[in-house]
Amino acid sequence: MLETKNSDLRRAMFWVTVVAVGVGLFMLLTPFFAALLWALALSILIYPYYKRLTKKGWNPTVASLWATFLVAFVIVLPFLGVGTVAGVQVSAFVSDLNSELSQDGNGVTAQGFSEYLEHTIDPLLAKVGAQNFSVRKWLSENGQLALRSAGSALYAGLKNLVLTIGTMAISVFTMFFMLRDGHQLLEPALDVSPLPREKTLALFDRLALTVRSVFNGVVLVALIQGTIAGATYWALGVPGAFLLWCVTIVLCCIPLLGSPIVFVPVAIKLFLDGQTIQALVMLGVGFGIVSQVDNLLRPYFIGLSTKMPTIVVFFALLGGVLLFGPVGLVIGPMLVALASFLFEMVREMRRLENGAPPLAAEPSQAPG
């Protein structure tokens, strides 16, 4: 009896220790959560290429290093290059605005800035019947609050930029070790998984397919949309076309936002400047082509590959972004794919308990 109690006590202490270590490990890795998730997603995307290199006889370390350099060259360097060019355009815009608002060479004044805003916004307000609103009066009443809010937003933006650069660096560094040493974790993961071995492998395959499908359905579609919109900005002579192209691509990755957030204000600005034909062209290309690319290609890339309904894909992407930030574009669909897989397993177990054949044996499950 005493031995049984001691055995139960040791077992309880063991699991308490396991939970405590797990919580401590989670707290230790929490600051690097986004970087680890990005490293996992990038590793899944580049792994087929890494596997081909090793099959050709490449050393795993050399193959991992080469694949890491390729990802850095294809993703990180263009990101830095685009950011640099966009920063130059923003600086040029701020410089031009400063020159336009300067009075007597003494720099920007509150009066000059309010006059500039009033001159710019008044035509739009007149169009919508808000002629009685005064930008100068609003600034005089709320100028200090707006200035503090702008300063806070600028500080937050710079902080997020530094964190993003650090996250990308850690992600690329971690990806090298995931590619080179990840296979060593497969067997331990299979051993501790509560699912049968073949089911666990099938789950890993589905998660990998989900990551690749989301990349194609989000990033590639956003690049296509942004390229079409950017070419239109440039053709219509819109100032800051390159910067608008960058913003369009970023917004096209986020559900509920997308390209209209950019091209509709651009069209309004063209209309207010008297360029009615250019404004109509911008709206026509935006709604007729750019937005339709999203409606046609994104469900095709994601929904058909992962067999998720379009509405499920929408909430997976949106919920992932709201919960995890940009990396949620990948994590959201992965969680939904995991839930779907487990649901199918429970359904199959219930069918077997009732004496029905497994789902895989049903002809209705075959494509077409």
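Output the residue which, of all residues in segment 27-46 that are open to solvent by 90 Å² or more (accessible area, probe 1.4 Å) and modelled with pLDDT of 85 or more, is nearest to Leu185 (Cα to Cα).
Applying the filter and picking the extreme gives Leu28.
Residue by residue through segment 180-195, note down the ones that are open to solvent by 60 Å² or more (accessible area, probe 1.4 Å) and either over 17 Å from Thr54 (Cα atoms) or touching a residue at least 12 places away in the same chain (Cβ under 8 Å) (or both). It would help to see each step written out before you state the result.
Restricting attention to segment 180-195, the residues satisfying the condition of being open to solvent by 60 Å² or more (accessible area, probe 1.4 Å) are 180, 183-188, 191-192, 194.
Across segment 180-195, the qualifying residues are Arg180, Leu185, Leu186, Glu187, Pro188, Asp191, Val192, Pro194.
(1) free of Cβ contacts under 8 Å to residues at least 60 places away in the same chain; (2) within 18 Å of the chain's Cα centre (by Cα); (3) open to solvent by less than 40 Å² (accessible area, probe 1.4 Å): which one isn't true of Thr227, the others all being true?
For Thr227, the exception is condition (3).
With a cut-off of at least 3 residues that are over 30 Å from Met345 (Cβ atoms) and out of contact with any Leu (no Cβ under 7 Å at 6 or more places or on another chain), name the helices (runs of 4 or more DSSP H) lying wholly within segment 197-305.
Once the helices (runs of 4 or more DSSP H) in segment 197-305 are filtered for at least 3 residues that are over 30 Å from Met345 (Cβ atoms) and out of contact with any Leu (no Cβ under 7 Å at 6 or more places or on another chain), what remains is 221-235, 241-252, 260-272, 276-285, 291-298.
Here is a yes/no grid of residues against (1) more than 21 Å from Ala41 (Cβ to Cβ); (2) free of Cβ contacts under 8 Å to residues at least 12 places away in the same chain; (3) under 25 Å from the mean Cα position of the chain (by Cα):
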position	(1), (2), (3)
Ile289	yes, no, yes
Gln292	yes, yes, yes
Leu296	yes, yes, yes
Ile302	no, no, yes
Val312	no, no, yes
Val330	no, no, yes
Val346	yes, yes, no
Arg350	yes, yes, no
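Could you count how many residues in segment 48-77 are of a type outside the set (Val, Ile, Thr), farther than 16 Å from Ala169 by Cβ and free of Cβ contacts under 8 Å to residues at least 24 places away in the same chain?
11
Is it true that Gly240 is in contact with a helix residue (DSSP H, G or I) (Cβ under 7 Å, 6 or more places away or on another chain) and at positive phi? Can you show your working first?
Working: in contact with a helix residue (DSSP H, G or I) (Cβ under 7 Å, 6 or more places away or on another chain): yes; at positive phi: yes.
Yes, satisfied.
For segment 237-251, which positions are closer than 17 Å to Ala279 by Cβ and aliphatic (A, V, I, L, M)?
Scanning segment 237-251 gives Val238, Ala241, Leu244.
Conditions (1) of a type outside the set (Val, Ile, Thr); (2) farther than 30 Å from Gln278 by Cβ, marked per residue:
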| position | (1), (2) |
| --- | --- |
| Gly166 | yes, yes |
| Val172 | no, yes |
| Phe177 | yes, yes |
| His183 | yes, yes |
| Leu201 | yes, yes |
| Ala208 | yes, yes |
| Leu223 | yes, no |
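Cβ-Cβ under 8 Å, sequence separation 6+ or interchain: first residue in segment 158-172 and farther than 11 Å from Ala34 by Cα and of a type in the set (A, V, I, L, M), partner at pLDDT below 80 and open to solvent by less than 40 Å² (accessible area, probe 1.4 Å). Which pairs?
The qualifying pairs are Val172/Val76.
The values are calculated or read from the model by the stated rules, or taken from the named source; none is laboratory data. Here the structure is a predicted model, which means the values were calculated and not measured. Positions of Cβ are generated from backbone atoms using ideal geometry, with glycine treated the same way; all protein chains shown enter the neighbour counts. Keep in mind that these areas ignore ligands, DNA and RNA; they rest on the heavy atoms of the full protein, side chains included. Shrake-Rupley method; radii C 1.70, N 1.55, O 1.52, S 1.80 Å.
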